[in-house]
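Data first, discussion second: the structure below is written as structure tokens.
The values are calculated or read from the model by the stated rules, or taken from the named source; none is laboratory data. Computed from a predicted model, the values in this text were never measured in an experiment. Note: ideal-geometry Cβ built from the backbone for every residue, glycine included; neighbour counts use all protein chains shown. The accessibility values were calculated without ligands, DNA or RNA, using every heavy atom of the protein model including side chains. Shrake-Rupley method; radii C 1.70, N 1.55, O 1.52, S 1.80 Å.
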Amino acid sequence: MSTTETTTEIRIAGAPISWGVCEVPGWGYQIASDRVLTEMRDAGLTATEVGPEGFLPADPNELAATLDKFDLESVGGFAPVLLHHANHDPVPGIAPLLDAFVASRAEVLVLAAATGSDGYDSRPELDDAQWDTLLRNLDRLQEAAAERGIRAVLHPHVGTMIEKRDEVYRVLNGASIPLCLDTGHLLIGGTNPLELVEAYASRITHAHLKDVDAALAARVQSGELTYTEAVAQGMYTPLGTGDVGIGKIVNELLDAGFDGWFVLEQDTILAEEPTDAGPVSDVIASVAYLRSVVDARVSS
């Protein structure tokens, strides 16, 4: 793939969590969808992940109409799913979400291996039998999504059953499902995202771009702060202002032929409705940085 072809194919989307909209109870103030979608469009984004249940209409036709109103496409969305319980089948429960994705012409089901509890501040340890169940269910969900024309990806995520480096690689070696490269969650969980791209670019078909304040991330890793506390203190920063090395990661993905969505996703927690520009300021800065990385490929 040439540099010019890579540039023309880059796709940039938003995520409601960048506006503080999250599925976790008590996460913070939840901005109304009309404001979020308006600001996404005005920031130059052309697509969005759908966000948590209740943020956008559940009815597939209403969802499609709502996104059309704001000139946005649906990328798909994030779904925490319980995967490791032998007596729980996760496939039937995902069917309504797949219906909505098909109706709204979405592409991607972003799966996280839920712990079974709310939030991302603690998690159990799995035994080998539970791991076998989890890996088998990942491939079953991948197949169920593919039957509907949807690409399922596994999102390593702090506070889920796939967080740490050895867990990420256990999925890569034990299941066929591709990955969502979340640069922030990988870094916090102990995986170098650039090294992962260099070794497994062919398994990465979706990207959540986060930049991270490494000092705050280290306090999460040590247990000094919970994940939620660190987010509230600004652990995620606009792209290009943190310690992840986003530019190198984006270039490595594009060099490898990545043609999926780059989703700008800087988790934030709000205390109240913003009276100033609010979170969109960071989104605009991140869009500008990502475009500068791509533009630099043309001029080099």
The condition of being of a type in the set (A, V, I, L, M, F, W, C) and open to solvent by 10 Å² or more (accessible area, probe 1.4 Å) holds, among 194, 134, only for 194
Across the stretch 145-167, what is the number of residues that are surrounded by fewer than 21 Cβ atoms within 10 Å (Cβ to Cβ) and within 20 Å of residue 210 (Cα to Cα)? 2
Pairs needed: first member in the stretch 97-118, part of a loop (DSSP other than H, G, I, E, B); second member anywhere, at pLDDT 90 or above and basic (Lys, Arg); C-beta distance under 7 Å; at least 6 residues apart or different chains. 107/151
Qualifying residues in the stretch 168-207 (those that are of a type in the set (S, T, N, Q) and in contact (Cβ under 8 Å) with a residue 40 or more places away in the chain) - the one farthest from residue 15 (Cα to Cα): 202
Assigned to a loop (DSSP other than H, G, I, E, B) and more than 16 Å from the chain's Cα centre (by Cα): does that describe residue 224? yes
So, residue 186, is that one closer than 22 Å to residue 262 by Cβ, touching a helix residue (DSSP H, G or I) at 6+ places or on another chain (Cβ under 6 Å) and open to solvent by less than 20 Å² (accessible area, probe 1.4 Å) or not? yes
Subset of the stretch 167-181 [under 17 Å from residue 207 (Cα atoms) and part of a loop (DSSP other than H, G, I, E, B)]: 177, 178
Condition first: surrounded by fewer than 13 Cβ atoms within 10 Å (Cβ to Cβ) and in contact (Cβ under 8 Å) with a residue 24 or more places away in the chain. Now tell me which residues in the stretch 47-57 satisfy that. 53
Note on the stretch 266-288: residues hydroxyl-bearing (Ser, Thr, Tyr) and open to solvent by 40 Å² or more (accessible area, probe 1.4 Å) are 275, 281
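Each row is one residue, and each column tells you yes or no for (1) within 19 Å of the chain's Cα centre (by Cα); (2) modelled with pLDDT of 95 or more; (3) at positive phi.
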residue: 183; (1), (2), (3): yes, yes, no
residue: 200; (1), (2), (3): yes, yes, no
residue: 208; (1), (2), (3): yes, yes, no
residue: 228; (1), (2), (3): yes, no, no
residue: 233; (1), (2), (3): no, yes, no
residue: 238; (1), (2), (3): yes, yes, no
residue: 244; (1), (2), (3): yes, yes, no
Looking at the stretch 8-41, which of its residues are outside any loop (DSSP other than H, G, I, E, B), without any contact (Cβ under 8 Å) to a residue 60 or more places away in the chain and open to solvent by 60 Å² or more (accessible area, probe 1.4 Å)? 8, 34, 41
Filter the stretch 58-76 for residues that are closer than 16 Å to residue 108 by Cα and modelled with pLDDT under 90; the one that is most open to solvent (accessible area, probe 1.4 Å) is 60
Tell me whether the stretch 97-110 contains one or more residues that are modelled with pLDDT under 95, closer than 24 Å to residue 24 by Cα, among the aromatic types (Phe, Trp, Tyr) and touching a Phe, Trp or Tyr at 6+ places or on another chain (Cβ under 8 Å). no
From the list 141, 126, pick out the single residue that is hydrophobic (A, V, I, L, M, F, W, C), in contact (Cβ under 8 Å) with a residue 12 or more places away in the chain and open to solvent by 20 Å² or more (accessible area, probe 1.4 Å). 126
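Let's see how each residue does on (1) under 22 Å from residue 29 (Cβ atoms); (2) among the charged types (D, E, K, R):
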residue	(1), (2)
210	yes, yes
226	yes, no
230	yes, no
238	yes, no
243	no, yes
253	no, no
271	yes, no
274	yes, no
284	yes, no
